Amino acid sequence: MHNYKFTKNWFLNSEIRKKILDYIDINKQNDILEIGCYEGQSSVYFADNLLNHDKSTLTCVDPFMKIENNDHKELLNNKEEDNFDFNINNCNNNDKIYVNKITSDKFFETNNKYFNFIYIDGCHETEFVIRDMVNSFKYLTNGGIMWMDDYYGGDGIKIRNTMNKFLRDYHGKYEIIHMGYQLAIKKN
């Protein structure tokens, strides 16, 4: 990842980066949704490694600084969007990436596409976390994977309790495939 512009390296040591290739077949068609992109470190990793099939796609959703209640406001300096744009333009398979600079709520109002892999690392406010999980699960294919960041991180117990509520509400409709700092489920 040396040809990109990043100010944070959160993704480099993430569990998803270390484990995703155990769950995703890079030779098959992958339709990936990413909610919350920051500078695009995970986006370019997905593009460089998971979009090799001719029909694979990556849909990125992030409003960047365009909303008032952005939970990363203290980290944002308006260069994240520029870095994201630069990184996306310089990654492999960038012609298979669809960028939506809107909130995930707005995205789901008009979305009609299904995804076999969804990565959720958007707004960390609990009402957004639960909506992102519920909305994403609707558009996750059977056998598809939904991977969430900050299960044992970020705002700690509030986020974990919110994700656990989703797990209780959807009991029997998924299998937990990873639980650590991040949480991943596979839809039945």
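Points to keep in mind about this one:
- Counted over the chain, the DSSP beta bridges are approximately 35% antiparallel.
- Summary of the geometry: the range 93-144 and the range 151-182, compared by the centres of their Cα atoms, lie 17 Å apart.
- For the range 107-174, the convex hull spanned by the alpha carbon atoms encloses 83 Å³ per residue.
- Bridges between two residues of the range 90-188, per DSSP, are antiparallel at a rate of about 65%.
- Among [x] 23, 20, 16; [y] 25, 18, 16; [z] 37, 20, 13, the entry derived from the coordinates for semi-axes √(5λ) of the Cα gyration tensor in Å: [x]
- Straight-distance candidates among the lysines for linking to residue 158, with alpha-carbon spacing under 26 Å and chain neighbours fewer than 8 residues away dropped: 8, 18, 19, 66, 73, 106, 138, 173, 186, 187.
- Total formal charge among the other residues, if their Cβ is under 14 angstrom from that of residue 176, Lys/Arg +1 and Asp/Glu -1: +4
- Net charge of Cβ neighbours under 13 Å - reference residue 108; Lys, Arg +1; Asp, Glu -1: +1
- Within the accessible surface of the chain, defined with a 1.4 Å probe on protein heavy atoms only, the carbon and sulfur portion equals 45 percent.
The values are calculated or read from the model by the stated rules, or taken from the named source; none is laboratory data. All figures in this text were calculated on a predicted structure; none of them were measured in a lab. Counting neighbours? That spans all protein chains shown, and the Cβs are built from the backbone with ideal geometry, glycine included. Please note that ligands, DNA and RNA were not included when accessible areas were found on the heavy atoms of the full protein model with its side chains. Shrake-Rupley method; radii C 1.70, N 1.55, O 1.52, S 1.80 Å.
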